[in-house]
Structure formats: structure tokens, C-alpha cells
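No value in this document is a laboratory result; all are computed from the given coordinates. Model, not experiment: these values are computed from the prediction. Here the Cβ is made from the backbone with ideal geometry for all residues, glycine too, and neighbour counts use every protein chain on show.
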Amino acid sequence: MIIPATEDQAMIDLSPYGEWNWSMMGFAGRDPIFYAQLESEVSIHNSGDLPETIQNLCFRCHGVMGQRQFHLDDAGDTFTRDIVHVTDPADPNCKYGALAREGISCMVCHQIVDEGKPTQETMTGQFDVAPAGAEGNGISRIFGPFEDPATLPMVSSLGMKPLHGEPIKTSRLCGSCHTIYLPIFDADGNQVGSDFEQTTYQELVKNPENRFTTSFVAQATTIKDKRLLPKGWTKEGPPGFAADPTWGLRFVAATSPKGKVLDDVAFQDGSGSDRIVYQIDLPEEDIAGGTVEATLYYQSIPPFYLLERFSTAHGPNAQRLHFMASYLNVDGTPIENWKLEVAAAQQAFDGDT
Ligand code: HEC
Ligand code: HEC
Ligand code: HEC
């Protein structure tokens, strides 16, 4: 699962580990943005036992293996940041810290079982796993997409029997953590409700029986006006789609733009692009022999998203993130000044136009 190095190119690791190793889920237990956000949540909600219960909740996904094992072993009431930092093997919490730092590891997804519970019972990271030792003699179960896998190597080296598992082939597996329903607290620390913080999975599968998988935007009833339509877009949807008696018309209705953009012909021509007109008044004496330059940038997370973290969190985790964000040298990279240039154009004019 590697593409060997050549003279012009370094080796590429395509193994499951090679992909996981660099992924956000691989880093979930060590992500500096997560820890800064956690610190800000804990400093805002600082009454009663909220600082501890909030951490316990966040680690249900971000430090899933440590948090789960900690509770399975009845090692305490709440799983918190200080446990994640324990590295002294003599400390009984050491193993939970190490597990949490591993983030969403292989052993998370590959042990999930699905007993057909409704999403409401598995969301916010409440998925089930096969119980330890389910195969007898201390051998546990691990699941993968293949029928009839060879079992001996993993049984003898890991004490785990690899089995074919249907759940790993459905997005319900991901839906447990990618549906986040969190409590809302007032300034005095009283819970005043709960709300969906993220509904990535619901956006994919609107139907609770997991049948409607045609569109990420199925959940939205009104599409945002400013969304750029993909190249090749047509009013009728993908070729032949509108003719589907069950989903065709609903798909078209859900994915069609609405509102003022309907007057914008360029937006709907299927070119995947649009025109925006900026009109700026210039004094006449400045116009002769001038040049207009325009640059379009794509700007991702910083600085505003991070700024919010720094204004509410003041502990070592926010400081670490601040340090990293301040010293990360992006000079000479495609994101110079934290901005990715998409396109640039220049036009000289003579004063008449
Ligand atoms: C976020 C969940 C998740 C994590 C984490 C994860 N896997 Fe998987 N893995 C899957 C899913 C889903 C499939 C099935 C893909 C399919 O059916 O095409 C899979 C398939 C596999 C397969 C068999 C098919 C293949 O593509 O090679 C292997 C081997 C595997 N994973 C190993 C690993 C290892 C090793 C790790 C940790 C480094 C890991 N996985 C982490 C979800 C995960
Ligand atoms: C149910 C699982 C779950 C719980 C509980 C959870 N998160 Fe997350 N978190 C996620 C997922 C999934 C993502 C990635 C979302 C995406 O990008 O689609 C994420 C992303 C984040 C990010 C963005 C990370 C980055 O690198 O940009 C932050 C910050 C974060 N979560 C903080 C928290 C905090 C603080 C809590 C506790 C109040 C919390 N999360 C609880 C699942 C969870
Ligand atoms: C145990 C909980 C858990 C499960 C199960 C899970 N995820 Fe995640 N996922 C997370 C968390 C937590 C993050 C955010 C990590 C961070 O940045 O700190 C995340 C991040 C991601 C991201 C990066 C999002 C972004 O904005 O870049 C993708 C993509 C993703 N998950 C896909 C999947 C898929 C596909 C599956 C199922 C095969 C899956 N996840 C299963 C918890 C989970």
C-alpha cells in the first residue's frame, strides 16, 4: 500500500494508517484548536460542576477511547483534560490519557456494532461496541468490510478476531459522532435546553430510516442565495433525474436556487461561475491613464475564528494555539498572509471608460 519513491517524488503511503495518521480524526485527541475551544467553554461555563461535565462530554468523541474505557472501568465520575496529560506509567490514569491522545483511532470505528437503534439513541457519540472478550477465551471482535477474512494473524497478535461487519459499510457508523446534540446553559449554569450543534449526518440522510441518500442539501428547505452552483448544473438536475417518480421532483426542488438569484442569468448557466459587479466612484482627475487591479482570495479559518477563541480562553491551551498561529511561517507558501489567491486580473483604462 505504498507508491515507492522515485527521483522526483517522495514515497506515498496509501495504507489505512498512512491516511489516518494525517487526518483530523487521527489528531482529534491532540488538536490545539479543540483544546483552546475546550478551555473557552470551561471558562465561560464555570459554575457548579459544569467545567468537569463539559469536558467529559467533549472527550466522548475527541478523546473517545480514553473517555469510554475510563467509564467502563468505573475509574471516576468525569474524564477531564488533566487525565489526557498523564504520561507517568505509575499513575493509574496513564492508560486513559494515552488512549485519549490517540483520537478517533482504528479501534473505534472497527469495533462499532449497530443494533438498529434510532439515531436519537446513538447520536453524540453514543454508539455501541462489541463487548470485550465476545469471542470467548479473552478474544474480542473487530470488524471490516470483507467476507471471510483470515483470522489467525490478528487473533494471535492482538487477541482480536476480524469478522465481516455490515455497520462499517454504512454512514450510520459515522452518524453517531457526526450528529452533535448539546445542552445549552444560561449564565447561572442552569440548563435551558438542548440543540443540534452539528447535523452533518442528517444533512446526508434526512430520512430516519436511512433511505434518503440523494442529497447533502436535502435538509435545507431554502438554499442560501450566494451558493455557487456546480459546473454542469441544470434546472432539471442530473440527466434523467427529474423523471424519477419518487425522488426526482423532490431532488430538483431541494437543490434549485431560490430568491433573487433567479434573476441572475450568469449564475444559472451551468458554467460553475458567476459575475459580481463592483461600482466605485473615482474623481475624474484620477482616472486618466489608470489601472484597475483585482485579486480574489479564498480565506479559510484565521484570523476571525481563532480570534474568538483568544478572547474567551486564557489558559495554556489558548496560549499554545496563539503561539502556533503567530509563528507558523506561511511566507512563500500558496497561503501567504493566510490568504489563498484564487484569481487576479488587471485592466488599464484611458479615462473614457
Ligand atoms: C472513522 C472510522 C475509521 C477509522 C478511524 C479507521 N477505519 Fe478502517 N475502515 C473504515 C471503514 C468505514 C471501512 C470500510 C470501507 C469500505 O467498505 O470501502 C474501513 C476499511 C478498512 C480496511 C479494509 C479495506 C481497506 O480499505 O483496506 C482496513 C484494513 C482498515 N480499515 C484498517 C484501518 C486501520 C489500520 C485504521 C487505523 C490506522 C483504520 N482502519 C481506521 C472506518 C475507519
Ligand atoms: C458527538 C461527538 C462530538 C462531541 C461530543 C464534541 N465534538 Fe467537537 N467535533 C466533532 C466532530 C465530528 C467535528 C468535526 C466537524 C466537521 O468539521 O464536520 C468536531 C470539531 C470540533 C472543533 C473544530 C476542530 C478544528 O480543528 O477545526 C472544535 C474546536 C470542537 N469540535 C470542539 C468541541 C468541544 C469544545 C466540545 C465539547 C463542548 C465538543 N467539540 C464536543 C464531534 C464532537
Ligand atoms: C468516535 C467519533 C467519530 C466517528 C465514529 C467518526 N468521526 Fe469523523 N470526526 C470526529 C471528530 C471528533 C472530528 C474532529 C476532530 C478534530 O478536528 O479535533 C472528526 C472529523 C472528521 C472529518 C474532518 C472534517 C473537516 O471539517 O475537515 C471528516 C471528513 C470525518 N470526520 C469523516 C468521518 C467519516 C466518513 C466517518 C465514518 C466512516 C467518521 N468521520 C466517523 C469523530 C468521529
State, to one decimal in nm, how far the label point of K260 lies from the label point of Q319, with both points 7 Å from Cα in the Cβ direction. 4.8
Protection-proxy order for peptides 243-254, 31-42, each taking the mean of Cβ atoms within 10 Å per residue, highest first: 31-42, 243-254
Label-point gap, in nm, between Y327 and L158 - each point 7 angstrom along Cα→Cβ: 3.7
Arrange M1, M65, M25 by Cβ neighbour counts within 10 Å, fewest through most, would you? M1, M25, M65
Name all residues of the stretch 312-344 having a backbone nitrogen under 13 Å from the label point set 7 Å from the Cα of E293 along its Cα→Cβ direction, giving them as ranges. 344
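Determine, for each peptide in 172-179, 137-144, the mean count of other beta carbons within 10 angstrom over its residues, then list the peptides with the highest first.
Ranking the peptides 172-179, 137-144 by packing returns 172-179, 137-144.
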Helix-only [θ]222 nm of the chain, DSSP H runs n ≥ 4, -39500 (n - 2.57) each, per residue, nearest 500: -8000 deg cm²/dmol
Hey, quick one: spin label on E308, modelled 7 Å out along Cα-Cβ, who in the stretch 23-40 has an amide N within reach, i.e. under 18 Å? 32-40
Here the FRET efficiency for F146 versus Q126, based on Cβ atoms and R0 = 25 Å and rounded to 0.05, is 0.35
Order these by the 10 Å Cβ neighbour count, fewest first: T255, T6. T6, T255
Förster radius 45 Å - calculated FRET efficiency between D274 and A10, Cβ distance, rounded to 0.05: 0.70
At what distance in nm do the modelled label points of E284 and W22 sit from each other, each positioned 7 Å from its Cα along Cα→Cβ? 5.9
